[in-house]
Each structure stands twice: as C-alpha cells, then as structure tokens.
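The values are calculated or read from the model by the stated rules, or taken from the named source; none is laboratory data. Just so you know, these numbers come straight off a predicted model, no measurement behind them. Because the Cβ atoms are built from the backbone with ideal geometry, glycine has one as well, and the counts that use them run over all protein chains shown. Each accessible area value is taken on the protein alone, full model and side chains, heavy atoms only, with ligands, DNA and RNA left out. Shrake-Rupley method; radii C 1.70, N 1.55, O 1.52, S 1.80 Å.
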Amino acid sequence: MQQYFSLADCDVVGFDLDHTLCRYHLPQSARLIYDSFAQYLVTEKGYDEDLLILAPDSLDFCCKGLVLDIEEGNFLKLAEDGTVLRASHGTKSMTSEEILETYGRREWKHFNTVSGMVSRTAKYYLYDNYFDLPGALLCARVVDSLDQHDGQEKYDFWKDMVAAIQHNYKISAFKEDCGTYFPEVKNHPDKYLQRCPESVKKWLKQLKNAGKILLLITSSHSDYCRLLCEHVLGNDFEEYFDILITNALKPGFFSHTPNQRPFRTLENDEEQEALLSLDKPGWYSQGNAIQLFDLLKKMTGKLDPKVVYFGDSMHSDIFPARHYSNWETVFILEELLGDKVTVPVKAESEPLEKKGKYEGDQLKAPYFVSKQWGSFFMDRVPGLENAEETLVHTWSCKCISTYSTIAIPSLEAIADLPLDYRFTRFSSNSSATAGYYPSPPRALLPNEESVTMK
C-alpha cells in the first residue's frame, strides 16, 4: 500500500448526501429529529409527555460512537479493545465502580459483533450518525421515565423507538407529508440546511472537467434527495453527477448481490421494475455495488477503475465501501471541527454564536466535545490500586484509522487543494494520526492536556 493518496489517481469519485455533500445546521436538525421521535412516542404509544420538553443543554448527551445496551437501558463508550470506558444508565452517568460491577474490565459481551459493524440487533444499537443521535437522548430519557414510574429489570421500549423511526423516515413520508420531520424541512429548508459553499461546487466541476466520473449514492429517497440537492447545490444539481443512486439502503448496497438488491428505474419518484443489469449513466434507485462497478468498468474502459467514496457514517459508508468493495474512503468527521486547532479559517459558514442558537436556546452544536462523554477519540482509564491512569483510544477512533483512507472535517476543507495534492494515508505507518487532514484532533497529540476529561 503506497503512503500517499491523491484524487488525481482516482477514476471515480462518489459521495454520500446527508452530512457529506449536504451539511445541516446541527443544533436545529438535532432538535427537530428529537421532537419528531418524541411526538410519536407520546401521541401514538402513550409515553410520558415530559419527553416533549427539552432542556437547552441536554443535547450534550449526544455523542457519536455510543452503543445502547438495549435490555439494560445503558449507554456505553467503548475502548478499542472493547472494554467499557464510560457508561450511563438512562441519562445518568455510571460511576467507575458501577461500570466495574456491571461490565468488569473485560471485552463487552457483544463487542465481537459490534466490531464487525453489525449494528442492528435486538440486543444493542450503535449510534454513528447525526440522523440517529438525537434518538439516543430520547431513549436515555425513556429509561429515566420508566425507572421513575415502575422500575424495570429489562427494558422493552425499543420496538416503539423503531416504530417512531420508521414512521418519520419511511419512503412515502415525504410525499404524504407524514410525521414531523419531512414536512418541517420542506417548509423551512434554510433553517436546517447549509448551502454548499461555492468552493465545493467549483471543486465538483473541476473533478468532472478532469475526466472523473461523479457518483451520488444516498439512502435518502429520490424526492427528499431532490429537495436537498436543489437547495444546497442549485436547480442544475444533476449536471454535477454522472450517476445518482437514491434509496440505496446502505450498507446493503455494498454487501448485497444483484439478485438480492437489483437496481430500479424511477418515474415521478416511483420505483419501477427491477433491471437485470446497469447499462448507462442516469438516476436509479436501490441497487448494488457489483453492477455499479461493472458499469464503471465500461465507462472508464479500465478493468479495475479506482473509486473513492466520501461519507459520514462508519457503519453505512466507510466500513462497507472499504470492506466489501475495496474502495478508497474519505471519512467526513465533523468532530474535527469541535477542536479549535483543526478548524481551517474558511470551514465555518457562519459565526459559532449564531450557529449555536435555536429559538433563543443556546444549544451546543452536537459535534463539540460532550461534557458527559468526553473526547470522541481518547479517554482515560483509572489505574488499579494507585497505578497511574492510562490514556486509550476509543473504539470509534480505531475504526477511523482501520477503515478510512483519510478523515476530514468537511468537503470544504479540501476543496481549494490541487487535485494532485498528496494526502498521507492512515495506513502509511503505524501512526494513529497520519490520515487526519488538515491536522489531527488535539486529543491524539502527545502530552496534550487539553482533552476535556473529568
């Protein structure tokens, strides 16, 4: 594996949409997502109305990389070896003693499957993207509420949470104006969506002019995709891409065979019959990476065209694109913006104080370091019997260096670089920080006391 990665060497450049090409105003969208799930639990499932009231600082609970241990009602932050670094029961942080008593100093019992990126089971749920995260706070508050009213041994609220997610995000919801989420984004796109910076639009055109094939692969349905793209890129958004794939149902897009997940054409946003093969560029629904790659071979005239894919979800984008398709992967990690050192001057589209407001509430953007959970990248493990505490990498941090080619805070951070700029890969040496651009998070730098740890 060579030491450097360059876009100039790639034949095909693919993008996820939500939180990658289309960035959201995080405090506002987090609040909307929380409200959309909470409304459903209260009105349809009879949960406590207190869930609808959200204290301004409560979104501090939201931290990517948390795992919900469903039956226990506990949230866990895992170390790279699978041991539990921090935990909460509902929203309440567990003490070191409680963690030791419950989980010991051994690998968490489901770590084997979670580290294989199996994130959807009846036993646990992995929170790794901004669409899911506000649901973590809601589930934690549900646990608090159930404890208060009738003390539980095991929890079974999860089926109701899944129903809330399906109700708000189902394919027909946008068209039917159903749920809370889609109608609100439709009516107030500026409140939730950040327009794509001119530098990024110029960069996309530059990639195309350099002969690259551009892909958009999103799990969003075509009608929502169109709303987002028109708002953030403009009405001519289709001209930026050779192939658009919506309702891709990632990670299945990468792991499923053509028989399991055929491509479908679209007419007026309705999916049509399954296609036996993918023969030409255009707009499609569902599909699989195998037939897409066959088309890319045809389009490039190469037996093994080199593909890079940009995405913000380790579980849906980065891991499967690398693991199943062996594509290069660029991880969009807004957590890098929460670190003053890594913010390029132009990466902020508006002043932070403006960004943090939500109808008068001073809500922190979810990607700033959570006080309750500490750094996304590192944490301290208390020493046994007077031994010194040690710093360890989180499991989330380990995944980044294992499955990403490089990690960046936003597309804007690299849009002004020449296409032949050479990025140092994560895999280029044993350094855990090599692949971060423009610079590693402060928490990973040696002797750095700035990590906000308790």
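The residue that is nearest to residue 377 (Cα to Cα), among those in the range 415-433 that are modelled with pLDDT of 90 or more and not charged (D, E, K, R), is 426.
Tell me, yes or no, whether the range 258-277 has at least one residue that is within 26 Å of residue 11 (Cα to Cα) and in contact (Cβ under 8 Å) with a residue 40 or more places away in the chain. No, the conditions are met nowhere in the range 258-277.
Among the residues of the range 175-207, write down those that are part of a helix (DSSP H, G or I), more than 19 Å from residue 31 (Cα to Cα) and in contact with a His (Cβ under 9 Å, 6 or more places away or on another chain). Selection gives 175 alone.
Considering (1) at pLDDT 95 or above; (2) polar (S, T, N, Q); (3) surrounded by fewer than 23 Cβ atoms within 10 Å (Cβ to Cβ), the lone condition that residue 268 does not fulfil carries the number (1).
Being in contact with a Phe, Trp or Tyr (Cβ under 6 Å, 6 or more places away or on another chain), in contact (Cβ under 8 Å) with a residue 40 or more places away in the chain and among the aliphatic types (A, V, I, L, M) is true of residue 244. Looking only at the range 83-103, decide whether some residue is of a type in the set (Phe, Trp, Tyr) and more than 23 Å from the chain's Cα centre (by Cα). Within the range 83-103, one or more residues are of a type in the set (Phe, Trp, Tyr) and more than 23 Å from the chain's Cα centre (by Cα).
Checking each residue in the range 143-155 for being surrounded by fewer than 20 Cβ atoms within 10 Å (Cβ to Cβ) and either assigned by the TED database to the domain that holds residue 317 or touching a residue at least 60 places away in the same chain (Cβ under 8 Å) (or both) picks out 145, 146, 147, 149, 152, 154, 155.
Residue by residue through the range 122-138, note down the ones that are buried (at least 19 other Cβ atoms within 10 Å of the Cβ) and either of a type in the set (D, E, K, R) or in contact with a strand residue (DSSP E or B) (Cβ under 6 Å, 6 or more places away or on another chain) (or both). The answer is 124, 125, 126, 128, 132. Every listed requirement among (1) on the phi > 0 side of the Ramachandran plot; (2) in the same structural domain as residue 210 (by the TED database); (3) not aromatic (Phe, Trp, Tyr) is met by residue 12 save one, (1). Taking the listed residues 140, 122, the one that is assigned to a loop (DSSP other than H, G, I, E, B) and in contact (Cβ under 8 Å) with a residue 12 or more places away in the chain is 122, with no other qualifying. Among the candidates 208, 191, the residue that is open to solvent by 60 Å² or more (accessible area, probe 1.4 Å), within 24 Å of residue 300 (Cβ to Cβ) and touching a helix residue (DSSP H, G or I) at 6+ places or on another chain (Cβ under 8 Å) is uniquely 208.
Among the residues in the range 397-414, are any open to solvent by 30 Å² or more (accessible area, probe 1.4 Å), under 26 Å from residue 195 (Cβ atoms), modelled with pLDDT of 95 or more and assigned to a loop (DSSP other than H, G, I, E, B)? Taking every residue of the range 397-414 in turn, none turns out to be open to solvent by 30 Å² or more (accessible area, probe 1.4 Å), under 26 Å from residue 195 (Cβ atoms), modelled with pLDDT of 95 or more and assigned to a loop (DSSP other than H, G, I, E, B).
All told, residue 176 meets the bar of being surrounded by fewer than 20 Cβ atoms within 10 Å (Cβ to Cβ) and farther than 27 Å from residue 13 by Cβ.
Conditions (1) open to solvent by 20 Å² or more (accessible area, probe 1.4 Å); (2) in contact with a His (Cβ under 6 Å, 6 or more places away or on another chain); (3) at pLDDT 55 or above; (4) in the same structural domain as residue 253 (by the TED database), marked per residue:
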| residue | (1), (2), (3), (4) |
| --- | --- |
| 318 | no, no, yes, yes |
| 325 | yes, no, yes, yes |
| 329 | no, no, yes, yes |
| 342 | no, no, no, no |
| 348 | yes, no, no, no |
| 352 | yes, no, no, no |
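Counted as qualifying within the range 238-312 are the strands (runs of 3 or more DSSP E) with 2 or more residues that are under 24 Å from the mean Cα position of the chain (by Cα), namely 243-246, 282-286, 307-311.
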